[in-house]
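Trainee: What follows is a single structure, and I will ask about it in a moment.
Every read-out reported here was derived from the displayed coordinates using simple, explicitly stated rules and does not represent laboratory data. Since the structure is predicted, the reported quantities are computational estimates derived from the model, not experimental observations. For neighbour counting, all protein chains shown are included, and Cβ atoms are generated from backbone atoms with ideal geometry for every residue, glycine included.
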Amino acid sequence: MSIPGLQGIISADTLAPHIDTSSALVPSGSATALPNAKTVEISAFSEWRFELGSSSDKLRVRLVAGEAEMFGTELSSNMEYSFTGAMKTCIFTFKGCTIEYAGCELSSEYVSDESCMTNYLNLHFALERLRKEASTYNETSTDKRLGPKVLIVGNKDSGKTSLAKILTAYATKMDRQPILVNLDPSTANFSIPGMLTGTTISDIMNVENVNLGETITTGPTFYHQKQPIVKCFGLESFSDNDKLYKYEISQLGISVLSRLRNDQVVGESGLVVDTPAFKITDYELIENIISDFEIDVLIVIGHERLFVDLKKKLIKPSNQNRLTVLKMPKSSGCVDLDDKFSRDLQQRCIREYFYGIEKQVLSPFSIMANLKDLIIFKPVEPNGMFGSSGLSFLSGDMEEDEDIKTEPNAQLKFTEYSKLLERITEPTAEILSNAVLAMVNPSGLDLNRFAYTDDEQALIEDTVNTSVVGFTYAVSVDDTKGKARFVVPSPANQMPSKVLILTKFRYHE
Amino acid sequence: MASSAEIGEDYSKSLTSLTFNSRPIIQNLTIIAQENVHAAEYIAKAIERQIAKAVPSQKLFSFYLLDSVSKNVGSPYNILFGQNLFKIFTEAYVLVNDENRKKFIGLFKTWKSAVTEAGLPLFPEDQIGQIESFLEKATRRNRSAPPQLSVELLIREIDILCQMVQERLNKSPSDTKAQERFKVLMDLKRILTTQKIASQQLQVVHTQLVGIRKDETEKLTLLKAQQTQPQPQQQQPQMQFSGFPFQAGAPLPQSAQNRQPKFQPPLKQRQPAAPSFSTNQLQALLGARTPPPQVPTNPGDVSSILSSLSQSGVFEKLNLKPAPVSAAPKLDQQSLKNLLGLSQMDPTSSIALSGKAVVASEDQILARFDLTQQFLNSHKPSAEEINLIYNIKPNKCSNCAKRFKNTPEGNIKQQEHLDWHFRMNKRLKQNEVKTISNRAYYLDDEKWVNFKDDEILGSLEEVTTESQAAERDGRASAEKRDAKYVVLPADSTDLTTVCQVCKEKINAEFNDDLGEWIWKNCISVKDRDGNERNYHYDCYVETRGVKRERSPG
């Protein structure tokens, strides 16, 4: 096993077993025919659904003729695409196309003409019309109108993320720069799982990447990179600590709305919010999100009951004109993903964060740190004690936050913040080994205050109010010396942040 | 590292293997050419030499290589070959046999429409023009080839047509249609004389004129016939064509009939080469996907028919010219305007046509879409609507499939985008060998809120990395200037180099992190001869800035 960071820099070859220099790293402008390829003809308005079974599978795909797209992102006929590892995906065409593939056996593949793409395209154009109206209005007016802010909810594996991708990809095609928000902590968007993110999609997405595309690196990439804002939740399910979940959502909402107001192109493009599987019992959460992101279009996918219930609850005389609730059909291509698949995907997202993808290998650094110099928190996991009863805390409105801060009863304040994060006073190998930690952006922290205060609630307050600067994981922990070796994404002389949040995710080489 | 001249020599040697038509060899040689762009001048020379010295029966293969390199690698090869393409081509052409000549012409035809990634013509137009007129002469000797289209030719054509219309007007001065046509022709002439029209557009205009000419000839014949034999004309054509649904009703009004002389039987006999399909067939071809074309009694415009034709792929599939008989008589002010609009655009004719047709109504199309449950469930997007996310941007990036509008603004965006690819591809190639990439740290809330994605989209070269360097600065006292360094070439024996701007000596240092000897704060740039030149990073940026100021745009 290679221990990352042993020589400061890790040899790319040992870390990225999937490197294949023969792959079209730089498209030559004419992708050549694949050897021993099979051909699929996809007729107009149909999609080819295919699955790669094992993590060692690698599929090479080429668009031979026609026009095709994957989740709204158009494929190039000059490029060979490669898909690595277990995945279930599809290629859709409005106009008909021919696809050629080779490289591995597919565990499943078929062409289906049952597609919801026409509904999704209608939705896109209807949203685009709103964007256009916003742009037209802004040309003459001093107050700026924002583009549509869309929230997508639905059951597990109902195609929420696919729709979110399609809507943002289409908007990008029309020169928009919408923000894609991911509130599902079990998946990763331009980050690792467990995070709540907002990312401006200003260019074509990378369809080969399971994580939608690359975030900024110091090196060159084939696609334009994306720049997300990342808030740490750290747990796998929102119900594991709904207080923390709500708190970070409202934090993310503030930044995302500021960006919309600050950048006219982005503002007129609006946003698309992807969510975990909410039920009607999570109604309050949905309502919070609607207010945090000023949602004006709510899409319910393939869940009639939820649609009716939400409509009943949300459409009140007070906001009748502000919120449109619509349902969208669930694609027959949606497949239930089992736990193992989800976990493998999570592991892969973490690996790619540090080590990059096949076409862009990254070299993380390792740093030895004294554990006593670090402040490590972990999200509180209320095991029934706090339950889901105390929902009244923090409705997500910052005005109320202020109220809490100025609340004379400091004891209460302490209690509330302590429901979000708790400090790990004695980090041991047992706790830290292979654990992935979020590094809190030091620019939002007053380190002196951190070093000399016992006021833990203030520390937590600062921490939860600050976004993430990056991630690290502990490769080795020496309990006797109180030291640990951390892998960080970029070269640094010391830990980029002294404040870390331990996530529930572990990364194994 | 081998010098550019050496690479050229090596290349020259490998060219001798091109004694038969081998796709793998040509591909391989293309890749070598691509990998050694810095030695492009020598490689291009080598290929030219090979063409010159190869035995006639083998010249074609070297030409295929020239073609492959120009099309697949593009700049600078297409520019280098473009400089004396006429000479290379014609010298070889005269030496080869007839069979090869056909292939030469076939190859040349692909050059006429070939464009670079940036959408510019692959080879300079003057060279292409010269070759074209050369081939014209060369082939005319054997058989009378159709004359080359030119503005002058078209104007002459228009003049003749004007005379014909004038003659008709003299006979029936009250014919408003003829008056209108006369006016249109004069307008067209004015446009042709005052504006630069792309050759594809000339072709379109030419097609129109041919149609008008036929039409006029018939009308004149008809007029003459009417004068000599002044009986009503209605019956004969109606008997002949009662199968046409739109003629089955009452007798056509005189004016309408005048505009439809194409259904006169004598015409058909006179035109053995007339398009092999009728209006009916045309309608059937267009089918359900596009609205049926306007029947001739309707003053529809030509370009909408052209665009619907091209959208439904009739052109490519059947290789049909737009039906002059049906389209030509309808050349009116409107279609003239469309032609005018087209002439400003990139001449990728059919795509441009459909693109143009959509652009005009993007807002109108969007206005159809209501954010209501009923609409979203029931509406079936039409081809025109789907094109809003496809053909409305006809220019597709050859790398990543990103699309661009065919407008000046779109072209600038595409150019920037391609420049970005070029820089990235260059760096990616270097990366395979050396440089280290890292995941950058995320921005904090304030920086993210103020971040502009145009920084990533890259109209500026170094923005992304510099902002990252700045990011890193703030956190770990990373050395900003160290981000700019040049790793000593593996074959270098000298630890010092000289900045080409300030002539100061730069000493190499050993960098522990990289495990390499580097010149700090330094940048390496290839000069025109493909030689590596080192500069202080600051010196390079400064002088480059000066150059930019001197040559605006």
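Trainee: Along Cα→Cβ, 7 Å out, is where each label goes; now give me the distance between the ones at residue B:373 and residue B:427 in nm to one decimal.
Mentor: Here the answer is 5.0 nm between the modelled labels.
Trainee: Give the long-range amide H neighbours of residue B:397: residues separated by 5 or more places, or on another chain, with amide H under 5 Å away, using H modelled in the peptide plane at 1.01 Å from N.
Mentor: B:402, B:403, B:404
Trainee: Restricting to the stretch A:116-328, what percent of DSSP beta bridges are antiparallel, rounded to 5?
Mentor: 30
Trainee: Using θ = phi - 60° and the Karplus form 6.51 cos²θ - 1.76 cosθ + 1.60, what ³J(HN,Hα) does each residue of the stretch A:436-445 get, whole Hz, x for Gly and Pro?
Mentor: Computed from phi, the couplings for the stretch A:436-445 are 8, 10, 8, 9, 7, 4, x, 5, x, 10 Hz.
Trainee: Are any of the pairs A:498/B:429; B:137/B:396; A:95/A:327 more than 28 Å apart by Cα-Cα distance, and if so, which?
Mentor: Over 28 Å Cα-Cα: A:498/B:429; B:137/B:396.
Trainee: Now for a different question. Extension gain residue B:17-residue B:511, at 0.36 nm per residue separation less the Cα-Cα distance, in nm?
Mentor: 173.3 nm
Trainee: What is the mean number of Cβ atoms from other protein chains located within 10 Å of the Cβ atom of each residue in peptide A:116-128, rounded to a whole number?
Mentor: That works out to 6 on average.
Trainee: Shifting gears a bit: Mind running the shape call on the stretch A:116-328? Use the C-alpha gyration tensor, a ≥ b ≥ c as the square roots of the eigenvalues: rounded below 1.5 for a/c, prolate if a/b tops b/c, oblate otherwise.
Mentor: In terms of gyration-tensor shape, rounded.
Trainee: Given the C-alpha centroids of the stretch A:127-203 and the stretch A:329-343, what is the distance between them in whole angstrom?
Mentor: 22
Trainee: Here is a follow-up. Of A:270, A:255, A:210, which is farthest on the positive side of the dipole of the stretch A:197-299, counting Cα position, with +1 on Lys and Arg Cβ, -1 on Asp and Glu Cβ, and the Cα centre as origin?
Mentor: Checked the options; the winner is A:255.
Trainee: In peptide B:420-428, how many Cβ atoms from other protein chains are near each Cβ within 10 Å, on average?
Mentor: 4
Trainee: Test of understanding: ordering B:420, B:519 by Cβ neighbours within 10 Å, fewest first, what list do you get?
Mentor: B:420, B:519
Trainee: Here's another thing I want to ask about it. Using amide H atoms built in the peptide plane, which far-off residues or other-chain residues are under 5 Å from residue A:470 H to H?
Mentor: A:439, B:442
Trainee: When a/c reaches 1.5 or more, the comparison of a/b and b/c decides; with that in mind, is the stretch B:4-142 rounded, prolate or oblate per its Cα gyration tensor?
Mentor: Judged from the Cα gyration tensor, the stretch B:4-142 comes out oblate (a/c at least 1.5, b/c at or above a/b).
Trainee: Summarise the partner chain shielding of A:250-262 as one whole number: the mean count of Cβ atoms from other chains within 10 Å of each residue's Cβ.
Mentor: The shielding value for this peptide is 2.
Trainee: State the number of lysine pairs found in the stretch B:1-134 whose Cα atoms come within less than 20 Å, restricting to pairs 8 or more positions apart or on distinct chains.
Mentor: Pairs that pass both the separation and distance tests number 24.
Trainee: Taking 2.2 N^0.38 Å as the expected size of a compact globular protein, what ratio does the Cα radius of gyration of the stretch A:219-355 give against it, to two decimals?
Mentor: 1.21
Trainee: Return the sequence-ordered ³J(HN,Hα) values of the stretch A:461-472 in whole Hz as given by the Karplus equation 6.51 cos²θ - 1.76 cosθ + 1.60 applied to θ = phi - 60°, using x for Gly and Pro.
Mentor: Rounded to whole hertz, the list is 4, 4, 5, 6, 8, 10, 7, 8, 9, x, 10, 9.
Trainee: Further question: Just want the ordering: A:272, A:210, B:94, B:205, from fewest to most Cβ atoms lying within 10 Å of their own Cβ.
Mentor: Ordered by Cβ neighbours within 10 Å, fewest first: B:94, A:210, B:205, A:272.
Trainee: Checking the table A:88/A:156; A:144/B:393; A:165/A:504; A:160/A:231; A:246/A:330; A:160/A:330 against a 18 Å threshold on Cα-Cα, which pairs fail?
Mentor: A:144/B:393; A:165/A:504; A:160/A:231; A:246/A:330
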